[in-house]
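Novice: There's a structure below that I have some questions on.
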Amino acid sequence: MIAPVVPLPKSQFDIDLATPADDLELRQLLRRNRIPGPISVTFEREPSFFDSCHVRGDYFQVGVGRDRRTGKIIGLGTRSIASAFVNGDPTPVGYLADLRLEPEYRGGTLIARGYRFLRYLHEDGRTKLYTTMIFAGNHAALRTIASGRAGLPQYHDMGVIHSPGINIRRTRPMICANCEILRGSEELLPEIVECLNRNNARRQFAPLHEVVMFKKRWREFRAEDFFIAVRGSRLIAILGCWDQTSFKQTRIAGYTPPLRWLVPATNALRPLIGAARLPKPGEEVPYFYIGFIAVDGDDLRVFGALLRYAYNQAVGSRYVHAILALHERDPLLPVLREYSLTAFSGRLFCVTFDDGESLFRNLDGRIPYLEAATF
């Protein structure tokens with residue numbers, strides 16, 4: 001469901017909700033706004049921004065700022081709501097993402113006005129709590145919107161989410177974990193969903209799943225994209241491999257020195273280690289997400305075996321990276337040390353208005369989990 005447009009009073013800028021008629025302009029804005037870092041990238045949504053938003057939930061809103069003099073969209077942000085586990089209970093949780101503002105409009109009052117608009121939208125009562133990710137290189141956002149500045153909602157720091165790219169190179173030895181590893185199937189979806197939910201209930205903010213989601217919400221994801229670990233007759237662990245490049249892309253905007261000179265040299269050697277070449281500036285990054293991670297008892301050996309199997313399946317393909325996300329306190333994180341990684345991380349925040357402070361204060365110590373594929 002897409003909420004109706006509710007404009008704020010007029011000024012030099014209009015802040016309102018976008019409609020599908022704005023789709024092209026939204027996609028152009030994303031292409032123009034780089035995410036800074038040693039490897040600067042753009043996160044794109046071709047061929048449809050609105051269609052891509054459904055992976056975060058069936059209810060979402062796209063807020064935009066427009067310059068009244070030109071009529072052009074100069075900033076955007078999204079609000080989506082879906083069921084997730086909070087203290088083990090299914091709860092509507094919001095997710096704030098895609099905050100972009102054209103460089104020439106930064107430093108003014110637009111951010112504050114945008115958050116007043118968010119407060120207005122929040123009055124629909126659909127959720128009391130939001131999560132959001134601010135990537136480590138986004139120092140401006142960490143200094144401003146996450147700083148507790150007056151007039152903004154409260155940003156509560158929940159720690160670091162590590163979201164590295166596992167570098168796909170040569171085949172690695174398989175790991176024995178006293179289990180059988182199989183591909184998923186439509187017939188196994190009820191068991192898969194049950195395993196996901198019993199494990200997600202042990203995590204904070206992990207999504208609540210239903211079988212229908214894998215036939216409707218999770219676009220371009222098939223039951224066969226699951227890898228499952230079975231011991232005896234019980235399904236004990238799961239992960240999924242999800243290629244979203246048909247509707248969501250990451251493009252290299254540029255490399256800083258010394259990477260600017262190292263990448264061409266590295267590409268000359270990568271065929272020798274069985275790896276695909278690194279993309280040039282302007283090219284898309286060929287990657288897939290590893291998500292839907294659920295491991296009974298957080299068994300490192302089982303997770304290691306499952307991840308190794310999925311990794312080896314990708315060797316020799318077009319993919320350069322497999323991207324996943326684990327919180328800094330997640331007991332599964334040490335398994336990643338066995339791989340060559342391209343580091344990427346961000347800080348997870350809970351965002352609350354006054355009516356959400358009580359819920360935030362009552363959060364227990366469960367380890368957060370967010371799907372990298374929905375960042």
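Novice: Go over the candidates Arg337, Arg318 one by one and state the one that is among the charged types (D, E, K, R) and either in a helix (DSSP H, G or I) or in contact with a strand residue (DSSP E or B) (Cβ under 7 Å, 6 or more places away or on another chain) (or both).
Specialist: Arg337
Novice: Can you pull out the residues in segment 312-352 that are out of contact with any Phe, Trp or Tyr (no Cβ under 9 Å at 6 or more places or on another chain) and of a type in the set (A, V, I, L, M, F, W, C)?
Specialist: Passing the criteria: Val315, Leu333, Leu336, Leu341, Ala343.
Novice: Pull up segment 32-63, narrow it to residues that are under 23 Å from Val93 (Cβ atoms) and in a strand (DSSP E or B), then point me to the one that is most open to solvent (accessible area, probe 1.4 Å).
Specialist: Across segment 32-63, the extreme among qualifying residues is Phe43.
Novice: Exactly one condition in (1) at pLDDT below 95; (2) open to solvent by less than 20 Å² (accessible area, probe 1.4 Å) is not met by Gln244; state its number.
Specialist: (1)
Per-residue answers, yes or no, for (1) at pLDDT 95 or above; (2) open to solvent by 10 Å² or more (accessible area, probe 1.4 Å); (3) under 25 Å from Arg34 (Cα atoms):
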residue	(1), (2), (3)
Ile290	yes, no, yes
Asp296	yes, yes, no
Val302	yes, no, no
Tyr309	yes, yes, no
Arg329	yes, yes, no
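Novice: I've got another one for you. Looking only at residues in segment 158-194 that are under 26 Å from Leu333 (Cα atoms), modelled with pLDDT of 95 or more and charged (D, E, K, R), which one is surrounded by the fewest Cβ atoms within 10 Å (Cβ to Cβ)?
Specialist: My answer is Glu180.
Novice: Which one of these does Ile74 not meet: (1) surrounded by fewer than 21 Cβ atoms within 10 Å (Cβ to Cβ); (2) not in a strand (DSSP E or B)?
Specialist: (2)
Novice: What are the residue pairs meeting all of these: first residue in segment 121-139, first residue touching a residue at least 24 places away in the same chain (Cβ under 8 Å) and within 14 Å of Arg79 (Cβ to Cβ), second residue part of a strand (DSSP E or B) and of a type in the set (D, E, K, R), Cβ atoms under 7 Å, and 6 or more apart or on different chains?
Specialist: Leu121/Arg79
Novice: Can you go through Pro92, Pro20 and tell me which one is farther than 26 Å from Ser345 by Cβ, of a type outside the set (D, E, K, R), free of Cβ contacts under 8 Å to residues at least 40 places away in the same chain and in contact with a strand residue (DSSP E or B) (Cβ under 6 Å, 6 or more places away or on another chain)?
Specialist: Being farther than 26 Å from Ser345 by Cβ, of a type outside the set (D, E, K, R), free of Cβ contacts under 8 Å to residues at least 40 places away in the same chain and in contact with a strand residue (DSSP E or B) (Cβ under 6 Å, 6 or more places away or on another chain) holds for just one of Pro92, Pro20, which is Pro92.
Novice: Select, from Trp218, Trp242, the only residue that is over 20 Å from Val315 (Cβ atoms), touching a strand residue (DSSP E or B) at 6+ places or on another chain (Cβ under 9 Å) and touching a residue at least 12 places away in the same chain (Cβ under 8 Å).
Specialist: None of the others qualify; the one that does is Trp218.
Novice: Given the criterion in contact with a Pro (Cβ under 8 Å, 6 or more places away or on another chain) and either open to solvent by 60 Å² or more (accessible area, probe 1.4 Å) or hydroxyl-bearing (Ser, Thr, Tyr) (or both), identify the matching residue among Thr266, Thr250, Thr256.
Specialist: Thr256
Novice: For segment 223-275, name all the residues that are among the aromatic types (Phe, Trp, Tyr) and under 28 Å from the mean Cα position of the chain (by Cα).
Specialist: Of everything in segment 223-275, those that are among the aromatic types (Phe, Trp, Tyr) and under 28 Å from the mean Cα position of the chain (by Cα) turn out to be Phe226, Phe227, Trp242, Phe247, Tyr255.
Novice: State yes or no: is Glu104 closer than 17 Å to Gln154 by Cβ and either surrounded by fewer than 20 Cβ atoms within 10 Å (Cβ to Cβ) or in contact with a Pro (Cβ under 7 Å, 6 or more places away or on another chain) (or both)?
Specialist: Answer is no for this residue.
Novice: Quick check on this structure: which one of Leu29, Leu99 is open to solvent by 70 Å² or more (accessible area, probe 1.4 Å) and either modelled with pLDDT under 95 or under 19 Å from Lys248 (Cβ atoms) (or both)?
Specialist: The match here is Leu99.
Novice: Taking the conditions exactly as written (loosely packed, with under 14 Cβ neighbours inside 10 Å and part of a loop (DSSP other than H, G, I, E, B)), does Glu224 satisfy them or not?
Specialist: no
Novice: What residue, among those in segment 195-221 that are basic (Lys, Arg) and modelled with pLDDT under 95, is least open to solvent (accessible area, probe 1.4 Å)?
Specialist: So, considering only residues that are basic (Lys, Arg) and modelled with pLDDT under 95, the one least open to solvent (accessible area, probe 1.4 Å) is Arg217.
Novice: Residue check: is Thr342 polar (S, T, N, Q) and open to solvent by 30 Å² or more (accessible area, probe 1.4 Å)?
Specialist: yes
Novice: Quick test of your reading of the structure: Phe288 fulfils all but one of (1) within 16 Å of the chain's Cα centre (by Cα); (2) part of a loop (DSSP other than H, G, I, E, B). Name the failing condition by number.
Specialist: (2)
Novice: A follow-up question, please. Hey, Leu142 hits all of (1) open to solvent by 20 Å² or more (accessible area, probe 1.4 Å); (2) part of a loop (DSSP other than H, G, I, E, B); (3) modelled with pLDDT under 90 but one; which does it fall short on?
Specialist: (2)
The values are calculated or read from the model by the stated rules, or taken from the named source; none is laboratory data. Just so it is clear, the structure is predicted and the values come from calculations on it, not from any experiment. Please note: Cβ atoms are built from the backbone with ideal geometry, for glycine as well, and neighbour counts cover all protein chains shown. Just so you know, the surface numbers come from the protein's heavy atoms only, side chains and all, with ligands and any DNA or RNA stripped out. Shrake-Rupley method; radii C 1.70, N 1.55, O 1.52, S 1.80 Å.
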